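See below for the structure under consideration.
The values are calculated or read from the model by the stated rules, or taken from the named source; none is laboratory data. Here the structure is a predicted model, which is why all the values come from computation and not from measurement. Because the Cβ atoms are built from the backbone with ideal geometry, glycine has one as well, and the counts that use them run over all protein chains shown.
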Amino acid sequence: MKHTQRYDQHQAMAFADLLVQWYEKNKRQLPWRRERDPYRIWVSEIMLQQTRVEAVIPYYERFMEQFPTLQELADAPEDRVLKAWEGLGYYSRARNLHQAVREVQTHYNGIVPDEPDAMGNLPGVGPYTLGAVLSIAYNKEIPAVDGNVMRVISRVFYLYDDIGKQKTRKTIEQMVQQMIPTGKASQFNQGLMELGALVCIPGNPRCLGCPVQTVCRAYAEGVQKELPVKEKKKPPREQQIVVPLIEQERKIWINRRSNEGLLAGLWQLPTYEVTGEDEPTSLQTSFYEQYGFRLQIGERFFTVQHVFSHIKWNMNVYKCFLSESEQSLLAQVSDKDSGHCFVPIEELEQFTFPNVHLKILSKWKGME
DNA sequence: AAACCGTGGGA
DNA sequence: TTCCCAAGGTT
């Protein structure tokens with residue numbers, strides 16, 4: 001009888017035992033495993049959301065040098081926090097963490113809460129992070145179910161539920177909750193993730209060296225490659241983006257994005273989504289609506305593509321020209337605090353986001 | 001429930 | 001090249 005999900009108590013206990021033993025012997029030495037400071041563990045867990053360990057390590061080290069304690073992070077201006085996060089992605093994580101730390105400072109006397117209700121109500125702390133921080137830092141017996149854990153549990157316990165569904169995460173949280181060995185929540189939760197990261201990996205799991213091979217039902221049935229079940233996601237939708245390149249005395253016109261949505265609050269070369277009509281007209285219209293005069297659009301300079309997780313930008317860069325009166329008009333409103341300004345081309349890098357605009361910059365310099 | 005929010009590395 | 005996806009959270 002295939003696809004039945006029977007939960008075997010003996011299997012679960014043997015599994016937990018083997019896992020904890022293996023973890024204690026084989027865990028990696030990671031920067032956030034050096035001490036058990038709840039603040040540091042919290043920061044690491046936020047950075048590790050949807051992000052690989054190798055990518056996180058340098059950011060984590062720098063972050064801890066800049067903000068060694070919860071209080072120092074709480075006291076820091078948001079600009080510095082975002083700057084330290086630049087390049088890591090998912091920037092609301094940084095803003096939420098900053099806000100949450102400030103709440104801890106004011107409401108909890110600077111001590112990271114060890115109660116699920118208090119911790120779970122902080123911005124940016126969802127069910128996974130709640131369980132991870134409380135179990136790792138305080139050894140509380142609370143599940144911490146992430147993608148690794150769902151993969152491991154699906155395989156070991158022969159679970160065919162789609163791990164893309166929220167309901168499946170809840171099912172697995174209940175299973176894990178019952179398996180946590182008394183007094184060993186920290187090792188067990190980290191062991192689950194460590195096994196998922198090193199052995200029970202996506203695609204071709206390394207079953208030959210697996211410490212829980214003897215209790216794994218997927219291995220027994222030879223279906224470890226079929227699990228976990230996960231529905232494919234849709235391809236990113238495409239957007240046509242026009243970028244005006246406005247230069248004046250070796251300075252480039254940039255602006256700051258809205259505080260909400262994609263790349264919130266970040267500086268960029270201006271981008272406008274093309275709506276309907278041809279690109280130069282669309283660009284001229286968008287610019288007119290914003291500044292009240294018609295920009296002269298030159299020829300198309302070049303095309304750059306950038307793919308986000310859910311959006312694909314086809315960016316066409318147009319060289320633009322201003323009359324003398326328009327030049328002085330823009331120069332007058334050039335102001336960092338109001339969200340748009342001219343910056344020297346050498347400084348463009350620090351106001352633009354890596355990867356997307358650096359490509360533009362290099363091509364622009366090459367064509368001078 | 002499903003869309004939205006980044007990035008870089010590996011197959 | 002293209003696709004997948006990695007220690008998720010919010011709306």
Looking at the structure I just gave you, is A:TYR90 closer than 24 Å to A:ILE142 by Cβ, surrounded by 16 or more Cβ atoms within 10 Å (Cβ to Cβ) and within 16 Å of DNA strand C (Cβ to nearest atom)? no
Restricting the search to segment A:80-128, which residues are without any contact (Cβ under 8 Å) to a residue 12 or more places away in the chain and within 21 Å of the chain's Cα centre (by Cα)? A:LYS83, A:GLY120, A:ASN121, A:GLY126
Cross-chain or 6+ apart pairs with Cβ under 6 Å, segment A:270-281 first and over 14 Å from A:GLU238 (Cβ atoms), then of a type in the set (Val, Ile, Thr): A:THR271/A:ILE241; A:THR271/A:VAL243; A:TYR272/A:VAL242; A:GLU279/A:VAL242; A:PRO280/A:ILE297
Can you spot a residue in segment A:280-294 that is more than 16 Å from DNA strand C (Cβ to nearest atom), touching a Leu at 6+ places or on another chain (Cβ under 9 Å), in the same structural domain as A:SER323 (by TED's automatic domain parsing) and among the β-branched types (Val, Ile, Thr)? no
Is there a residue in segment A:171-184 that is touching a Lys or Arg at 6+ places or on another chain (Cβ under 7 Å) and more than 16 Å from DNA strand C (Cβ to nearest atom)? no
A:GLY131: more than 16 Å from DNA strand B (Cβ to nearest atom) and surrounded by fewer than 16 Cβ atoms within 10 Å (Cβ to Cβ), yes or no? no
Within segment A:127-166, count every residue that is among the aliphatic types (A, V, I, L, M) and within 11 Å of DNA strand C (Cβ to nearest atom). 10
Could you list all residues from segment A:117-134 that are of a type in the set (A, V, I, L, M, F, W, C) and assigned to a loop (DSSP other than H, G, I, E, B)? A:LEU122, A:VAL125
Scan segment A:75-87 for residues that are exposed (fewer than 15 other Cβ atoms within 10 Å of the Cβ) and more than 10 Å from DNA strand B (Cβ to nearest atom) and report the count. 6
I'd like to verify a number: residues in segment A:146-201 that are part of a helix (DSSP H, G or I) and among the hydroxyl-bearing types (Ser, Thr, Tyr), how many? 4
Within segment A:43-116, helices (runs of 4 or more DSSP H) holding 1 or more residues that are under 18 Å from A:VAL133 (Cα atoms) and not charged (D, E, K, R): A:53-66, A:70-75, A:92-107
Pick from segment A:144-174, criterion of a type in the set (D, E, K, R) and touching a residue at least 12 places away in the same chain (Cβ under 8 Å), ranking: surrounded by the most Cβ atoms within 10 Å (Cβ to Cβ): A:ARG155
Taking interchain pairs and intrachain pairs at least six residues apart, which have beta carbon atoms under 8 angstrom, with the first residue in segment A:28-56 and within 21 Å of A:GLU72 (Cβ to Cβ) and without any contact (Cβ under 8 Å) to a residue 40 or more places away in the chain and the second of a type in the set (D, E, K, R) and more than 11 Å from DNA strand C (Cβ to nearest atom)? A:PRO31/A:GLU61; A:TRP32/A:ARG40
A:HIS98 fails exactly one of (1) more than 9 Å from DNA strand C (Cβ to nearest atom); (2) out of contact with any Lys or Arg (no Cβ under 7 Å at 6 or more places or on another chain); (3) within 30 Å of A:ARG217 (Cβ to Cβ), namely (3)
